[in-house]
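Okay, structure first, notes after.
The values are calculated or read from the model by the stated rules, or taken from the named source; none is laboratory data. Here the structure is a predicted model, which is why all the values come from computation and not from measurement. Every residue, glycine as well, gets a Cβ built from its backbone with ideal geometry; the counts of neighbours run over all protein chains shown. Accessible surface is based on the protein model in full, side chains and every heavy atom, while ligands, DNA and RNA are left aside. Shrake-Rupley method; radii C 1.70, N 1.55, O 1.52, S 1.80 Å.
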Amino acid sequence: MKAIAIDDEPIALEIVKAHAAKVPFLDLKAVFTDAFKALEYLQKESIDLLFLDIKMPDISGIDFFACLSKKPMVIFTTAYTEHAVESFELDAVDYLLKPFSLARFIKGCNKAFELYSFRNTAESSDHLFVKTGYEQLKVFYEDILYLEASGNYVTFVLKDRNILSRSTFAEAITILPADKFVRVHRSYIV
C-alpha cells in the first residue's frame, strides 16, 4: 500500500517513518509538515493510506480530509481523544493516540491492509456476501437498488427483497466497489 504522513511535528513524522519501515506491505512515499504541500502532492499522486495529525496550525486534519475530493483510507494520529467520534464519522480506518507503540501502529496498518485487500477483491467481482443473522447471503451488485443505514444495521434493498445486516454504514461502504456505488446521503448509498 502506498502511503503518506502529514503532521506539523517533525519528531512525530520520524516515528511514523521508523514504524512504517518495519511494515512489509506499507510503502511510505512521503512525509509532510505542511498540509498544503501534501495537498499539492495528492493532486498529482495516488495513495492508498494517509496518516494524518488532527491539530495542525493552518488547517485541522479533520477539515483537511473532509476537503479531499478523492479520499484515501485514513488513520488519524493525534494526542487528543476528543476527535475520535468525528474521525470515525469520516470512515477513518483507525485513530492512534500519541505516543503510540509499534504494535499499535501495526494493528492500524493491518486494519488498513485488510480493507485494501478486500476492496481490490470486491472491484474484480460481480457480487458480495452479506451477513444476516447466522448466514452469509450472496448478493449480485446488479440486484442492489440502494442501501439504507439505521444505527448498527444496514438494509440492502434489492430488486426482489430486503436484507437486514448487522453492520455499520462505514463497513458497508468499504465492501462496495467505488466505481459502482456512491454515497448520496448520510444514510443512503445508491
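Taking every DSSP beta bridge with both residues inside region 18-170, roughly what % is antiparallel (nearest 5)?
The answer is about 65 percent antiparallel.
Would you list T168, T77, T33, T174 from the most to the least accessible area, probe 1.4 Å?
T33, T168, T174, T77
Would you check the accessible area of H185, probe 1.4 Å, heavy atoms only, in square angstrom rounded to 10?
100
In Å, what Kirkwood hydrodynamic radius results for region 1-121 from the alpha-carbon pair distances?
14.1
Run the helix sum for the chain: -39,500 (n - 2.57) per DSSP H stretch of 4+ residues, divided by residue count, reported at 222 nm to the nearest 500 deg cm²/dmol.
Taken over the chain, the calculation gives -9500 deg cm²/dmol.
Largest first, how would D94, D27 line up by accessible area (1.4 Å probe)?
Details: D94 5, D27 65 Å².
Result, largest first: D27, D94.
How much length, in nm to one decimal, is gained on full extension between E40 and E89, taken as 0.36 nm per residue of separation minus their Cα-Cα distance?
Numbers: separation 49, 0.36 × 49 = 17.64 nm, distance 2.52 nm.
Here the segment from E40 to E89 would lengthen by 15.1 nm.
With a 1.4 Å probe and all protein chains left in place, how much of the accessible area of the chain comes from carbon and sulfur atoms, in whole percent? The partial results should precede the final answer.
Numbers: 5680 of 10660 Å².
Here carbon and sulfur together make up 53 percent of the probe-accessible area.
What percent do you get for the relative contact order of region 1-79 when only Cα pairs under 8 Å and 6+ apart count?
Computed over region 1-79, the figure is 34 percent.
If you look at just the Cα atoms of region 65-111, how large are its Rg and its Dmax in Å?
Reported Rg and Dmax, both Å: 10.9, 32.
Hey, can you find the accessible area per residue of the chain for me, probe 1.4 Å, expressed in square angstrom?
I get 56 Å² per residue for this part.
Quick check on my link table: of K2/K180; K55/K98; K44/K180; K70/K107; K17/K107; K37/K70, which ones sit more than 21 Å apart, alpha carbon to alpha carbon? Please list the in-between numbers first.
Details: K2/K180 23 Å; K55/K98 12 Å; K44/K180 24 Å; K70/K107 25 Å; K17/K107 16 Å; K37/K70 16 Å.
Where the Cα-Cα span goes over 21 Å, the pairs concerned are K2/K180; K44/K180; K70/K107.
So what is the relative contact order for the chain, in percent, with contacts set as C-alpha pairs under 8 Å and at least six apart?
14
State the dimensionless ratio Rg/Rh of region 121-162 (Rg: radius of gyration of Cα atoms; Rh: Kirkwood radius).
0.96
With a 1.4 Å probe and all protein chains in place, put L137, L26 in order of accessible area, largest first. Provide the component values of the computation, followed by the final result.
Values: L137 40, L26 15 Å².
Putting L137, L26 in descending order of accessible area: L137, L26.
Where the centroid of each part is defined by its Cα atoms, how far is region 152-190 from region 1-47 in Å?
The two parts, judged by their Cα centres, are 31 Å apart.
Rolling a 1.4 angstrom probe over the protein chains, ignoring ligands and nucleic acids, what is the accessible area of S101 in square angstrom, nearest 10?
Near enough 60 Å² of accessible area.
Within the chain, what's the longest run with no trypsin sites (Lys or Arg not before Pro) in a DSSP loop and at most 13 other beta-carbon atoms within 10 Å? Give the range, please. Present the calculation step by step, with values, prior to reporting the outcome.
Numbers: sites that count: K22, K70, K159, R161, R166, K180, R186.
Result for the longest clean stretch: 71-158.
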